[in-house]
Amino acid sequence: MNKSHLEILVGILVIILLVVATLAFVPSGAEGEEGWGGADGGAAEMIDETGYTPWFESIWAPPSGEIESLFFCIQTAIGAIIIGYFFGYWNASAKAKKGKKEEE
Amino acid sequence: MHIMEGYLPIGWCIFWAVLSAPFVIYGIWKMTKMIQEDRRVLPLMAVCGAFVFILSALKIPSVTGSCSHPTGTGLSAAFFGPFVTSVLGTIVLLFQALLLAHGGLTTLGANVFSMAIAGPFIAWLVFVGLRKTGKVGIGLAVFITAAVANLVTYTVTSLQLALVFPVEGSVLSAFIAFACIFAVTQIPLAIIEGIICGLVAKYIVRVKPEILKKLGIIQDEEIAKIQGEAV
């Protein structure tokens, strides 16, 4: 294993540990309340408490949580396709270039 | 960091939109110019944009017991500067406002300002400063840049909300309250985002250093060193 692989492995491990440790040790949500809500919603709640009423509604909102997750998946999928395509392309062309040099 | 639809009075909506528009317009102009000059930057731009797409959709649990998401703008801020980043960020925010009811059209200006302008701008200054010293490697520099972009974005959001909704007449105590919701939640996420972006930046140096060299991000010496690590 070379240094670059080690780096990636350590990076991924740290991320997994951070998330797992958070889920395991941080208490979330009072009793009867759903934990792990969005921070965006938390801020909106705080504003609601001041008595402010939003003056404009979203022109279209996903009709259910499932549909919402569908669009979030589409968003990530679009990004992942682009990144995967170019990383693969760059990787292969770098290898091809290296192979050519060795032949010479 | 998304300010929800309708949660800013109309005056503020216009204020932030007017403030953001010149950045985005100049960004579009700069983007087209860069692509016209050299079409080879296009793939890297697409990858940077794709990173904003992915990272801003991932909701990650954090120390405050709530979930929030990274912004993903750090990579593009480091490579292309804040103006191009503002365009990429705006595309993502529009997607989320229209299809996900996440953020909103009326608050678009404010959200663009925090995520696509203020965060990347300060992060880019940090990146350029770090690289100027010549001592900070590209991986570490991008790690810090991404984390800064993330934290600044959420600090600005807190400030934007505090200006509109002061607690007992005090903007400062409102800012602290909003910052507790946003900025504190963001600290572990900033670290996660930094790790991802730093690793990705090094990977790009390994497989496609030509573009970065052309953008003046990195010199031959460092490329050779990073590529040597992979053998």
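All of the numbers you see were taken from the coordinates with simple rules; none came from a lab. In this text the structure is predicted, and so the values were computed from the model without any measurement. Neighbour counts run over all protein chains shown; Cβ positions are idealised from the backbone, glycine included.
For this structure, a couple of remarks:
- Modelled FRET efficiency - R0 25 Å, A:Ser93 with B:Val136, Cβ distances, 0.05 increments: 0.30
- Centre-to-centre separation between the Cα atoms of segment A:26-98 and those of segment B:132-189: 19 Å.
- Tilt relative to chain B, helix B:119-133 - C-alpha long axis, 0 to 90 degrees, to 10: 30 degrees
- For A:Gly38, nonlocal amide neighbours, meaning residues 5 or more places apart or on other chains whose placed amide H falls under 5 Å from its own, are B:Cys67.
- Segments B:70-79, B:208-217, B:143-152, B:40-49 sorted - mean Cβ within 10 Å per residue, highest first: B:70-79, B:143-152, B:40-49, B:208-217
- Distance between modelled label sites at B:Ile28 and B:Val184, nm, 7 Å Cα→Cβ extension: 4.1 nm
- With neighbours defined as other Cβ atoms within 10 Å of a residue's Cβ, the residues B:Cys197, A:Cys73 order from fewest to most as A:Cys73, B:Cys197.
- Cβ neighbours within 10 Å from other chains - mean over A:49-60: 6
- Treating each Cα of the protein assembly as shown as an identical point scatterer and summing with the Debye formula, the log10 of I(q)/I(0) at q = 0.15 Å⁻¹ comes to -1.28.
- Chain A: angle of helix A:39-49 to the longest principal axis, Cα-based, in degrees nearest 10: 20 degrees
- A Förster radius of 41 Å, combined with the Cβ-Cβ distance separating A:Phe56 from A:Tyr85, puts the computed FRET efficiency at roughly 0.60.
- Exercise: per-residue mean of other protein chain Cβ atoms within 10 Å, A:80-93: 5
- Prolate/oblate/rounded call for segment B:71-181, Cα gyration tensor, a/c under 1.5 rounded: oblate
- Placing pseudo-labels 7 Å out from each Cα toward the beta carbon at B:Lys213 and A:Val20 gives an inter-label distance of 4.1 nm.
- Between 0 and 90°, nearest 10: helix B:41-55 axis offset from chain B longest Cα axis: 40 degrees
- Once C-alpha pairs closer than 8 Å and six or more residues apart are averaged by separation and normalised to the residue number of chain B, the relative contact order reads 24 percent.
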